[in-house]
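The values are calculated or read from the model by the stated rules, or taken from the named source; none is laboratory data. Fair warning: this is a prediction, and the values are worked out from it, not measured in the lab. For neighbour counting, all protein chains shown are included, and Cβ atoms are generated from backbone atoms with ideal geometry for every residue, glycine included. Quick note on the areas: whole protein, heavy atoms, side chains included, nothing else; ligands and nucleic acids left out. Shrake-Rupley method; radii C 1.70, N 1.55, O 1.52, S 1.80 Å.
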Amino acid sequence: MTGIPAPIELASLFLLLIGIGLAFSDIRLSGWVVGWILLSGALLVQWFRSVLNYSMERGSTGAEIYQAADEWMGLGFSLLIVASMYMMREVLAKHSLAEERVRVVSAAAQDAVVMMDHLGRIAFWNDAGQRIFGYSREEVQGKKLHELIIPAQHRAEFERNFIDFRKTGKGPVIGKTLELAGLRRDGGEIVTEVSVSGVNLDKKWHAICIFRDITERNNAARMLELGNAVEACLDRAEGTSDALRGVIRAICQTQNWDCGRYLRVDDAAGVLRLAEFWNLPGAAIQGFLAAARDITYGPGEGMVGKVWQSGQPLWIADVTKDARAVTVIFKEQSGLRGAFVFPVKAEGKTIGVFAFNSREIPQPHAQFLSTVTAIGSQVGGFLQRMRGKDAYTIVQ
């Protein structure tokens, strides 16, 4: 074209050769790149039109040539603009569709899907996260994950591991599935199964965590273990006392109670008396049991008397602050707080109660209540069968 400088011609030839090379190569360009190439081509055509106009004004190009070239370049400019806008629109549509798919899939997921940025802040939180942990998406956005759902005793270790992860994308839990304690918004602890993976975004490592609440599954497994342990105690017991101590020990060890007692009903005296106990070692707990040794309970007196009278289990979070407990044996120095009592029944009648105490405050769950009800009947049936054969001696 007359009047067009040599550099422009070279640039056009260079772009043409690049286009031919890309057309016959295996290189795949993203929609964004193609869109920007088209837009750049449109701007280059517009520049050609400016050069052509300048050339005509100086008399280097004839009016007919200018008019024909300008019309074709104008058409080319419009087509390139339309093509670039269409390509970018398609990219945006696909991007929006991908985001919508991620949103729909994460919303339908039963597991909590959480993404942490390189600073440990929550960048993504799906609906299951609210169902499992109790926090809404708005409440957690931008907050530190470990400050919300990691129990206090595990936070220091979590922070150490995350500092190493954000530098290298590697760590002791990356690519693994493990059980971790989780903290709900209401303060309750759950057991979660979590898998963690890393993703590099903008040259910074982000962590994606998938949490599954397995509390009920673990409770069911522990209850099955407890039921089997109690059954084994009763089957291999050499006598009534041996069986009762074994049952108390099994419940304490599987449910983390510090001590347990069995109090039998003395029909003649109309009271409950201590018959057997088991405890973890410790002077404070032994002192508590020594104080409880000679105390008897009438119907409705203290926790054990209330359970005897009602025939229903009773749980107290802090025996030192609850009037239903006999406070004379629950001294501050014993450290005991949590208490749980349930009846032992035979032929529909309460013949004794099991009482358990702990320095922690373990709240019984529905599966535990169902299991101890069955244990109470199981032990009650055993004691009825053993009546007269092996009468246990009241603890002295």
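Given 20 °C and 1.002 mPa s, compute D for the stretch 225-359 with the Stokes-Einstein relation, Rh being the Kirkwood radius over Cα pairs; round to the nearest whole µm²/s.
Approximately 143 µm²/s, per Stokes-Einstein.
Could you check the simple spin-label distance between residue 347 and residue 131, using points 7 Å along Cα→Cβ, in nm with one decimal?
4.9 nm
Quick one, what does Rg over Rh come out to for the stretch 253-305 if you take C-alpha atoms and the Kirkwood Rh?
Result: Rg/Rh = 1.01.
If ligands, DNA and RNA are left out, what is the accessible area of residue 135 with a 1.4 Å probe, given in Å² to the nearest 10?
Accessible area, nearest 10 Å²: 40 Å².
What translational diffusion coefficient, to the nearest whole µm²/s, does the stretch 190-283 have by Stokes-Einstein, given a Kirkwood radius computed over alpha-carbon pairs, a temperature of 4 °C and 1.567 mPa s viscosity?
Once the numbers are plugged in, D ends up at 76 µm²/s.
Report Rg/Rh for the stretch 158-224, rounded to two decimals, where Rg is the Cα radius of gyration and Rh the Kirkwood radius.
1.08
Pairs 143/176; 170/203; 321/349: which exceed 21 Å Cα-Cα?
143/176; 321/349
Run the 1.4 Å probe and let me know the accessible area of residue 301, rounded to the nearest 10 Å².
Surface open to solvent at residue 301 totals about 100 Å².
Roll a 1.4 angstrom probe over the protein heavy atoms and tell me the percent of accessible area of the stretch 168-270 that is carbon or sulfur.
Within the stretch 168-270, the accessible surface is 47 percent carbon and sulfur.
Estimate the FRET efficiency between residue 110 and residue 294 by the formula 1/(1 + (r/R0)^6), using the beta-carbon distance for r and 41 Å for R0, to the nearest 0.05.
The formula returns an efficiency of 0.15 here.
Taking the Cα centre of the stretch 173-271 as origin, work out the dipole magnitude from +1 charges on Lys and Arg Cβ and -1 charges on Asp and Glu Cβ, in debye rounded to 20.
My answer is approximately 540 debye.
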